[in-house]
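This report refers to the structure that appears directly beneath it.
The values are calculated or read from the model by the stated rules, or taken from the named source; none is laboratory data. Given the structure is predicted, the values throughout are model-derived calculations rather than measurements. Methodologically, a virtual Cβ is constructed for each residue, glycine included, from the backbone with ideal geometry; neighbour enumeration extends over all protein chains shown. In case anyone asks, the SASA skips ligands and DNA or RNA and just uses the protein heavy atoms, side chains included. Shrake-Rupley method; radii C 1.70, N 1.55, O 1.52, S 1.80 Å.
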Amino acid sequence: WQGYPVEIMLERTHWETVLFIDGKEIVKHESLATPLRYVISDITSGKHIFTFRVDNRVNINVGKNAHSVSDHTQTNWNGIIGDMRLQVKPSVYIDDVQLYPHVFNKSVTARISLKGKPNTSRALLKLSVEKVNGEKIGRTYDVNINNNFNQEVTLELGNEAELWSEYRPNLYVIRVRLINGNRKDEKLCTFGLREFKAKETHFEINGHPIFLRGTLECCIFPKTGYPSMERSYWLKIFNQCKAHGLNHM
């Protein structure tokens, strides 16, 4: 790992989290977004002590009855839950991928942000789209980085690509691979071809009117006082919503 960035991942914290390495404050994260990720670029080899200070005081104005950070529907729990991981990153790595589907010409635009060392003259991005069963859709797109850390690529999916709706939830996976010498980084993102917008007094998906039937999940976890990090627990909640005919949470 010597000479490469190291990513520290905490699946969920509540909520202001400060990282110290060997007693020295490195970075502060004040967000309820998940997961929390730190990338440390100059850590040396050998033993180190990582210390996390988690503060759940409501030190900004979040408004009235702000569920997750107040006592109205759950305790204002404090700490770190879920996975905690250290992972070595390539000298240049994929930081973020944002997807923007285009329904009428059946394509998707990927906006990719990279981070790392600027010497990327040989770095190459490879983008491809697959069905969730692994079957490839369209062709692979190759993009030379040339020190441009923000890339935008539109991928054509072809006429066989199917639209997404609540009754036909067709999903696709975009595979973004970054190759830089013998180091690689990869990110997979699931998406559907759909356009959601307001038209006059109603909402539409792909040009068809839709009625939103939903529920509010107020972080109510009486057995533990904090939200579950288990996939099976959330599948249970989602399936209960679906069984009642709801289409959003």
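Brief remarks follow.
- Basic side chains Lys and Arg get +1 at the Cβ, acidic Asp and Glu get -1 at the Cβ, and with that the dipole of segment 65-137 about its Cα centre reaches some 540 debye.
- For segment 138-197, the list of chymotrypsin sites (Phe, Trp or Tyr not before Pro) that fall in a loop by DSSP and count at most 14 other C-beta atoms within 10 angstrom reads 167.
- Highest mobility in the GNM of the chain, judged by mean-square fluctuation with C-alpha springs under 10 Å and restricted to 78, 61, 180, is found for 61.
- Lysines whose Cα lies under 25 Å from that of residue 242, excluding same-chain neighbours fewer than 8 positions away: 131, 197, 223
- Net +/- balance of residues flanking residue 191 in space, Cβ distance below 13 Å, scoring K and R +1, D and E -1: +3
- A convex hull fitted around the alpha carbon atoms of segment 1-82 yields 99 Å³ per residue.
- Residue 232 contributes about 90 Å² of solvent-accessible surface, heavy atoms of the protein only, 1.4 Å probe.
- Projected-area average for the chain over all orientations - Cα convex hull basis, square nanometres: 17.4 nm²
- Cβ-defined net charge surrounding residue 229, 10 Å radius [Lys, Arg +1; Asp, Glu -1]: -1
- Applying a DSSP loop filter and a limit of 10 other Cβ atoms within 10 Å to the GluC sites (Glu not before Pro) in segment 155-231 leaves 160, 200, 230.
- Lys, Arg +1 and Asp, Glu -1 on Cβ, resulting dipole of the chain about Cα centre, debye, nearest 20: 360 debye
- Each helix, a run of at least 4 DSSP H residues, gives -39500 (n - 2.57); summed and divided by the residues of the chain, these come to -1500 deg cm²/dmol at 222 nm.
- Loop-located trypsin sites (Lys or Arg not before Pro) across segment 65-134 with a Cβ neighbour count of 12 or fewer within 10 Å are 122, with loop assigned by DSSP.
- Partner lysines whose Cα lies under 26 Å from the Cα of residue 28, excluding those fewer than 8 positions away in the same chain, are identified as 47, 64, 89, 115, 117, 187.
- Local charge for residue 41 was computed over the other residues whose Cβ lies under 14 Å away, with Lys and Arg +1 and Asp and Glu -1, and equals +1.
- Carbon/sulfur fraction of accessible area - segment 89-210, other protein chains in place, 1.4 Å, %: 45 percent
- Computed with a 1.4 Å probe over protein heavy atoms only, the accessible surface of the chain comes to 63 Å² per residue.
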